[in-house]
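Before any comments, here is the structure.
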Amino acid sequence: MRIPYYPGCTVKTTAKNLEESALASAAALGIELEELERWNCCGVVACLAGDNLMEQLAPIRNLIRVQEQGADRVVTMCSLCYGTLKAANALFRRDEEKREKINQFMYEEPDYEGGVEVLHLLEVLRDEIGFDTIAARVGEGLAGLRIAPYYGCLLLRPRELGLDDPEDPHILEDLMESVGADVIVDPYRTECCGSYQTVSNIDLVAERTRRIVGSAVRRGADIIVTSCPVCHFNLDRRQRDVLRIDREFSGLPVLYFTQVLAFALDLPESVMHFDLHEIDPRPVLESKARTAGVSE
Amino acid sequence: MRTSLDAEQLKNDIVARIEELSGENVYACYQCGRCSAGCPGIEAMDLLPNQVIRLLQMGQVDEVLRCKTIWACASCFTCESRCPKGVDLTRIMEAVRQIILRQNIDHAKLAELPDEMIEDLPQAALVSGFRKLTS
Ligand code: SF4
Ligand code: SF4
C-alpha cells in the first residue's frame, strides 16, 4: 500500500531519527510512505487570529499537492505538522467564505475544497496495519522494557482536531503494548513540555522537563516515547538544563515511537540515529530489551 | 431601586478587538479556574489565565496588555480543551499578543539568539517561536 507522506522541515534535518525510523518501520509493515512532491513548510503553528488568512496558505498548498496527485489522504509523523495541516483543513471545511477568499488569492493553484484527509502515522499503524498485526509480527518483542508514553499537546488538542481522548488517550499505550513493552501510564503524559518557549524561556521548559521526566523516573520507566520533534528536544536535550536547576535530577532516554517500533522490528540501527540523542538510549535498550536487540 | 449590570458599558474597543480576533466571547467565562489549574506556564506568569479573562470582562485592558502571562503561554490548548464553557482561551491569548505584535513590538529577538542555540534547536521550535513571539 502506498500513501502520500508529508515530511515537514524538522524530520528532514534535526529529527532524522524520526523520519528514517518511521519510513523503515512502515516499509517493513508493508506501507510505502511516498514523499509528496514540491512540499513546503507548513508554518509549524497555525495563527489563531481569525483575520490572518496568510498563514493558512502554506498548509493548504501542501494539501493541494496531495489533491493534484489524485490522492485523498496524506500522512505525517510530526505532531506539529499534523496539527497545522489539520487545522487549516478544518477551517476550509467549516468556513466557506474564508475558503473562497483563499482559493481566489491562490489563483495560480487549483481550487481546494477540504477533500484531503490528514492522518498521523499513528492512525495508519492502528487503522491500516492494525496493532494486532504488529503484535503478531513482533512476538515477545520488548518484554521487560518499561515505556512511559508522552503525548504532549497536538496529538490531542485542540478538542476539534485531536486523534484521541484529550484527557485519557491510549493510542501510544496500545502501540507500545503491541510491541510487547511494559507500559507505564504517567499522569504527565498529556501535559505540555513548554513547546516553543524553548526559544526564549529555557528555564520554563527546564522546569516542565524536570516534572515530566521526573514523574516517569519515579514510576520506574526505562524510556519515554513521543511523536513530536519539539517535545523530543525539550524532554531530551533540555535535561542538560534541568541539571542547572536540580543537581539531583537523574534523567531518561527519550525516543520517538517510530524508533521503538524499528527496534522491535529488528531494523538496522542506522535508521534510528541514536547519535542524535542527548541521553543515549542504547545501554538501556541493550540491557533491558530482548537480547537479539540492536543489530547492524 | 433597580440595579443593572451592563457588560456593554465595560467593553472598550480593545476588548471588542480581542473578541473579534479570537472569535471568542469573554463574557461566557464564569471563572471556574480550570484553565489556570491545568496551565503549564503559570510559574512564569504574573496573571493567572482566568485572571486575564476576568480583567477583560471588566474592561481593564492595560493590565492585560502589559502582563507576562501572554508571553509565557505555550499555546498548548489545555485551557481550551478543559473549559466547561467552551471558551477558547488559547485564542484569546493569541489575540492579546497580536494586538501588541501588530504594533511592531517584538517579544523575542532573533539577533540575540546565540549561534549554538540556533544550530541546536529543531526548525519547528525556531519557526513556531518566532511566529508566536515576533511580528
Ligand atoms: S476554564 Fe473557561 S470558564 Fe473556567 S475560568 Fe477558564 S475560561 Fe473561564
Ligand atoms: S494555551 Fe496558554 S494559557 Fe492556555 S493552558 Fe496552555 S499555556 Fe496556559
To the nearest 10 degrees, the tilt of helix A:202-218 (Cα long axis) against the first principal axis of the alpha carbons of chain A is 50
With charges set only on the Cβ (+1 for Lys and Arg, -1 for Asp and Glu), what does the dipole of segment A:138-288 come to about its Cα centre, in debye to the nearest 20? 580
Peptides A:202-213, A:180-191 ordered by average Cβ neighbours within 10 Å, highest first: A:202-213, A:180-191
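For segment A:106-158, which GluC sites (Glu not before Pro) are both in a DSSP coil and crowded by at most 15 other Cβ atoms within 10 Å?
Sparse-neighbourhood loop GluC sites (Glu not before Pro): A:E108, A:E113, A:E140.
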In this model, which of A:K12/A:K86; A:K16/B:K68; A:K86/B:K68; A:K86/B:K11; A:K98/B:K132 are farther than 27 Å apart at the alpha-carbon? A:K16/B:K68; A:K86/B:K68; A:K86/B:K11
Could you check the simple spin-label distance between B:A37 and B:L10, using points 7 Å along Cα→Cβ, in nm with one decimal? 2.3
Counting partner chain Cβ atoms within 10 Å of every residue's Cβ in B:78-85, what's the average? 4
Using alpha carbon centers only, segment B:77-112 is separated from segment A:60-100 by a whole-angstrom value of 23
If you fit an axis through the alpha-carbon atoms of helix A:16-28 and take the longest principal axis of the Cα set of chain A, what angle between them do you get, 0 to 90°, nearest 10? 90
With the 1.4 Å probe rolled over protein heavy atoms, the protein assembly as shown has an accessible area per residue in Å² of 41
When the charge dipole of the protein assembly as shown is computed with +1 at the Cβ of Lys and Arg and -1 at the Cβ of Asp and Glu, the Cα pointing farthest to the positive end, of A:I3, A:L172, A:I212, is that of A:I212
Mind checking the dipole of segment B:7-132: about its Cα centre, +1 per Lys or Arg Cβ, -1 per Asp or Glu Cβ, Debye to the nearest 20? 460
Carbon and sulfur: what percent of segment B:7-132's accessible surface (1.4 Å probe)? 48
Would you tell me the mean number of C-beta atoms belonging to other protein chains that fall within 10 Å of each C-beta in A:242-250, as a whole number? 0
First measure r as the distance between the Cβ atoms of B:M58 and A:K16, then evaluate 1/(1 + (r/R0)^6) with R0 = 56 Å and state the FRET efficiency to the nearest 0.05. 0.65
Nearest-ten-degree value, helix B:123-133 long axis tilted from longest Cα axis of chain B: 40
Largest first and in whole Å, give the semi-axes of the protein assembly as shown's equivalent ellipsoid, each being the square root of 5 times a Cα gyration tensor eigenvalue. 37, 26, 19
Taking +1 at the Cβ of each Lys and Arg and -1 at the Cβ of each Asp and Glu, which of A:S250, A:A262, A:G152 sits farthest along the dipole of segment A:138-288 towards its positive end, judged by Cα position relative to the Cα centre? A:S250
Taking the alpha-carbon distance from B:K85 and a cut-off under 14 Å, which aspartates and glutamates remain once sequence neighbours fewer than 8 residues away in the same chain are dropped? B:E24
Mind grabbing the interface size between B and A? I mean buried accessible area, both sides, 1.4 Å probe, in Å² to the nearest hundred. 3500
Where nothing but the Cβ of Lys and Arg (+1) and of Asp and Glu (-1) is charged, how large is the charge dipole of the protein assembly as shown around its Cα centre, in debye to the nearest 20? 1100
Which percent of the accessible area of chain A is formed by carbon and sulfur heavy atoms (probe 1.4 angstrom)? 47
How large is the convex hull of the Cα atoms of segment B:7-132 per residue, expressed in Å³ as a whole number? 109
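Between B:R2 and A:D72, what FRET efficiency follows from the Cβ-Cβ distance if R0 is 41 Å, with the result rounded to 0.05?
For R0 = 41 Å, the calculated efficiency reads 0.10.
The values are calculated or read from the model by the stated rules, or taken from the named source; none is laboratory data. Bear in mind that the values here come from a model prediction, so they are computed numbers and not experimental data. In this analysis, Cβ positions are derived from the backbone assuming ideal geometry, glycine residues included, and neighbour counts consider all displayed protein chains. Side chains are part of the model used for accessible areas, which takes the heavy atoms of the whole protein and leaves out ligands, DNA and RNA. Shrake-Rupley method; radii C 1.70, N 1.55, O 1.52, S 1.80 Å.
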